[in-house]
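Since every read-out is calculated from the coordinates, none of them should be taken as a lab result. None of the values given here were measured: they were computed from a predicted structure. Cβ sites come from the backbone with ideal geometry, for glycine too, and all protein chains shown count toward neighbours.
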Amino acid sequence: MIKPTPARTVGFRPGERNVFFHLLTACNLSCKHCYINPPQHGTVTLSLETVLAWLRCFSRPDQESNLILLGGEPTMHPDLAGIIRAAKSMNYHVTVDSNGFLFHDLLDRVSPEELDFLSFSLDGPDAAVNDPIRGDGVFATCTENIKKAVAQGFRTSLIYTVSGMNIVHLHRMPELVKELGVQRFFIQVIGLRGKPAGGMLSPETAWQVDPEHWLEIVPEVAARAAELGLAVTYPKVYLDPDEPFECAGQVAENYFIFPNGRVYQCPLCEDYPIHGFCMENDQLVKRRGLNEDRFFTLSIPEGCVMNKLLQPDNIEYLADGSPRHRISCCLLKQHIEPVRK
Ligand code: SF4
Ligand code: SF4
């Protein structure tokens, strides 16, 4: 067994701003674990004019902000190439998160210099694991387009969402990611939002992975991926006893923007109309009332309050009633730099 390379917890950095912008909710796929919830997030495709106005609203000309363009499938937006160029001119560091289908010839319409990262979602090391989750033929299309992007010189990353359906196959991913020529490997954890909020995956299988499985498998696979020369990021999930708990809603600047104008600070809240902000007349407006921000200040022994409310099954208790682990903010990450040989 490989001794895991110590991962560094990436604390929330004051002044860092992350803008997760869902340009549309439409998608060509119908993944089993899709977190998009059209009744809550809307069904419109934002016009180019509105996207640019909202980007201006969140930009800071004197400081780079991270922009992650999402959907649905963001490459289905006919103006994505223009949006990327405009965002770069507003001093954003731009990432596009795609399911791999790359509509509207994205690779021919932007250059590797214009896009900071192109990220692909893949949930299995082969079609037999990936396609039952993401759809027939998706593995083949996604890996083919990753190869094209790499060959054209784009910086690429790959996101693997760990769930009860695929955790036992995670160990086969590092070699595939390396072979595809991808630079960054993100291991993500399934959240009980959107479709997974509807219940168990099957009578035998839960969506979420228990702590033993997660802690036994994920850090070791991440360390091995770093040994292969990949930059690896994965969520902290379980805080060490001496680690402080921090809620990103209080100490960081993250905005999750949906096409219906809802703007959340916490992704766990996205299935509920408790967004802290909304877009009105192309301006960011703070909402009054009992919204997500009221939960951010609550201090409980279990760590994250929204996790306790929405995903209580991933908390285990000791005989004295105290939690076995405190659950970190879902936005807190562990990072391992590629091991250079
Ligand atoms: S690719 Fe993304 S948006 Fe599309 S169905 Fe899958 S999870 Fe949902
Ligand atoms: S996941 Fe929990 S800790 Fe993180 S922003 Fe949401 S409520 Fe705060």
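What does the C-alpha gyration tensor say about the overall shape of the range 64-143? Classify as rounded when a/c is under 1.5, otherwise prolate if a/b is larger than b/c, or oblate.
Taking the square roots of the gyration eigenvalues as a ≥ b ≥ c, the range 64-143 is prolate.
Dividing the summed -39500 (n - 2.57) terms of all DSSP H runs of n ≥ 4 by the residue count of the chain sets its mean residue ellipticity at 222 nm at -7500 deg cm²/dmol.
Give me the percent relative contact order of the range 195-341, please, defined on Cα pairs under 8 angstrom at least 6 residues apart.
32 percent
Legend: residue pairs Lys32/Lys147; Lys308/Lys333; Lys236/Lys308; Lys147/Lys333, Cα-Cα distance threshold 22 Å; pairs beyond threshold, Lys32/Lys147; Lys147/Lys333. Near Thr75, once Lys and Arg are set to +1 and Asp and Glu to -1 for all other residues with Cβ below 14 Å from its Cβ, the sum equals -3. Mind putting together the pair-distance distribution for the chain? All Cα pairs, 10 Å bins, whole percent per bin, short to long. Whole-percent P(r) values from 0 Å outward: 5, 25, 36, 27, 7, 0, 0.
In plain terms, the residue of Ser299, Ser47 with the fewest other Cβ atoms within 10 Å comes first and the most crowded comes last, giving Ser299, Ser47.
Shape class of the range 231-341 from the alpha-carbon gyration tensor: oblate, with a/c at 1.5 or above and b/c at least as large as a/b. Calculate the FRET efficiency for Ala319 and Leu298 from the Cβ-Cβ distance with a Förster distance of 25 Å, rounded to the nearest 0.05. Approximately 0.50, to the nearest 0.05.
A simple charge model with +1 on the Cβ of Lys and Arg, -1 on the Cβ of Asp and Glu and nothing else charged puts the dipole of the range 252-327 at about 200 debye relative to its Cα centre.
Taking Lys and Arg as +1 and Asp and Glu as -1, the other residues whose beta-carbon sits under 12 Å from that of Pro14 total -1. Rounded, prolate or oblate: which fits the range 1-131 when a ≥ b ≥ c are the square roots of the eigenvalues of the alpha-carbon gyration tensor, with rounded for a/c under 1.5 and prolate only if a/b beats b/c? The shape class here is oblate.
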